[in-house]
1. Can you list the aspartates and glutamates whose alpha carbon is less than 13 Å from that of LYS118, not counting same-chain residues fewer than 8 positions off?
2. Obtain the radius of gyration and the Kirkwood radius of region 214-262 from its C-alpha atoms and give Rg over Rh.
3. Non-local amide H neighbours of GLY148 (under 5 Å, H modeled in plane, Pro and chain starts lacking H): which ones?
4. Residue by residue through region 206-214, which ³J(HN,Hα) values in whole Hz follow from phi under the Karplus form 6.51 cos²θ - 1.76 cosθ + 1.60 (θ = phi - 60°), with glycine and proline marked x?
5. One-quarter of the Cα convex hull surface for region 121-271, in nm²?
6. Starting from the Cα of ARG233, move 7 Å in the Cα-to-Cβ direction to define the label point; list residues of region 193-226 whose amide nitrogen is under 17 Å from there.
7. Going Cα to Cα from LYS179, which aspartates and glutamates come in below 15 Å? Please leave out same-chain ones fewer than 8 positions away.
8. What does the highest-first list of 233-242, 88-97 look like by mean Cβ count within 10 Å?
Amino acid sequence: MPRVSVFALISVLSWPPFAGYGAALPAQLLGRWQVAEVQVNRASERRLDYQYNDPRLRWRIFDFSAAQLIDDTPEGYPCMVPQVTETRMQLGKLISGSLAGVEERGDATPEDYGLATKPDTVVDVVSIHCGSGPWQGGLGLVNTGVQGSWLYIDADGSMVLRWYGETLLILRHLPEDAKPQASFDCARAATPTERTICSSLQLAAFDRSVASAYRDAYDQFTSDRASVDPLARLQRRWLRQRDACGADATCLLKSMKRQIDALDNLPEVAE
């Protein structure tokens with residue numbers, strides 16, 4: 001049976017219990033990670049909460065440390081003093097036991113989520129506990145015994161993380177000297193707003209998400225409507241509001257989050 005050296009995070013109810021919490025996060029998980037891809041079940045015919053490379057999740061940042069585990073996703077909340085245990089299981093069992101299956105076929109598979117790793121690959125599983133309960137304990141399937149978020153470090157060094165809306169997030173580790181990458185050329189940043197965005201990994205990432213959400217909305221408008229003028233007006237109005245924030249990073253972050261949500265709701269955009 002094939003096996004790769006990986007780490008995975010999971011909370012388990014009815015599966016064989018873990019020995020007790022107490023170990024700190026493995027060194028391989030420490031640091032900042034950024035969502036590079038958002039994968040969804042490609043075989044499902046249901047309308048999913050998130051879509052492939054959804055800009056609400058893509059480029060979000062997860063920060064793993066001994067003191068806390070934090071992220072800037074819509075569902076994120078701090079996990080204080082994370083504690084871990086380890087076990088092993090097959091990847092196929094991990095996915096089929098925690099993600100919704102395909103209606104006509106049953107259990108979900110790694111291939112459904114665009115993963116190249118074979119289902120019978122054995123992964124080293126790490127369970128994370130946050131004070132009074134498992135990390136993201138609301139995730140999982142009823143009566144399967146698998147609850148909470150989970151992750152593993154793949155052979156290429158990427159992190160595969162089970163997230164909300166039946167998604168898998170593919171994250172890349174950010175080096176300590178990582179530079180912010182906005183949707184525009186930061187070397188030409190001229191206004192206080194642009195310079196502030198280019199000075200922050202988080203703000204630059206959200207700027208990319210706004211640009212991606214606008215492209216997605218534009219594509220949908222061009223296929224559904226005769227004119228994209230309402231969408232263009234909305235974006236221009238938002239840019240004026242964003243620029244009014246100046247160098248206020250908190251204002252800029254709130255503005256970009258609101259615009260991503262607005263662009264995701266096309267019926268309201270059209271008004």
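1. Reachable aspartates and glutamates: ASP154.
2. 1.07
3. LEU139, GLY140
4. Each residue's phi maps through the Karplus curve to give 5, 4, 5, 5, 4, 4, 5, 4, 5 Hz.
5. In nm², the orientation-averaged hull projection of region 121-271 is 13.5.
6. It comes to 218, 221-222, 225-226, nothing else.
7. Excluding near neighbours in sequence, the set is GLU194, ASP207.
8. 88-97, 233-242
Bear in mind that the values in this text are calculations on the coordinates, not laboratory data. What you see is a predicted model; the values in this text were computed from it and never measured. No Cβ is skipped: glycine too gets one built from the backbone with ideal geometry, and neighbour counts run over all protein chains shown.
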